[in-house]
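Data first, discussion second: the structure below is written as structure tokens.
The values are calculated or read from the model by the stated rules, or taken from the named source; none is laboratory data. All of these numbers come straight from a predicted model, not from anything done at the bench. Glycine also receives a Cβ, built like all others from the backbone with ideal geometry; neighbour counts cover every protein chain displayed.
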Amino acid sequence: MENKIEAKPNPPGHTPFAQTYFHGTRADLKIGDMIDINFNSNYGQQRKAKYIYLSATLDAAVWGAELAAGDGRERIYLVEATGPIEDDPNLTDKKFPGNPTKSFRSLHPFKVVGEVTIWQSHSQEQVKAMKDALEKLKAQGIEAIE
């Protein structure tokens with residue numbers, strides 16, 4: 001009797017090397033929570049968010065957490081996109097052509113699948129410089145985040 005092993009391809013989207021995405025915020029979320037466009041934005045005038053932002057780099061997520069409005073603790077969540085994502089034009093088209101920050105946005109919710117609890121903040125000087133630059137743009141009538 002001969003043993004046969006049949007190779008079956010992995011289903012689409014299920015590989016051991018799936019992309020990890022991060023979302024920086026001050027919101028207190030739990031694993032399984034959904035981050036949706038129906039919530040107020042962490043940035044600018046804090047209107048209802050048109051898009052949700054995520055990054056494939058931890059550094060960009062750290063900035064997201066540090067610049068988020070509110071008094072809550074800065075947090076970085078591991079998230080799964082539930083629909084299509086696109087390059088974040090706030091960074092890729094205007095500041096960093098080619099998307100080196102790996103920053104994206106979506107109209108579809110992200111599912112929280114974990115939290116990064118150990119990460120390095122930017123220096124107080126760097127955060128202050130970034131906030132000052134955003135305030136300067138705001139004074140010129142430029143909203144930094146769509």
Quiz item: Is there a residue in the range 36-51 that is at pLDDT 90 or above and under 20 Å from Ala133 (Cβ atoms)?
Solution: no
Practice problem: Look through Asp88, Asp71, Asp93 and report the one residue that is acidic (Asp, Glu), within 18 Å of Lys131 (Cα to Cα) and modelled with pLDDT under 90. | Solution: Asp71
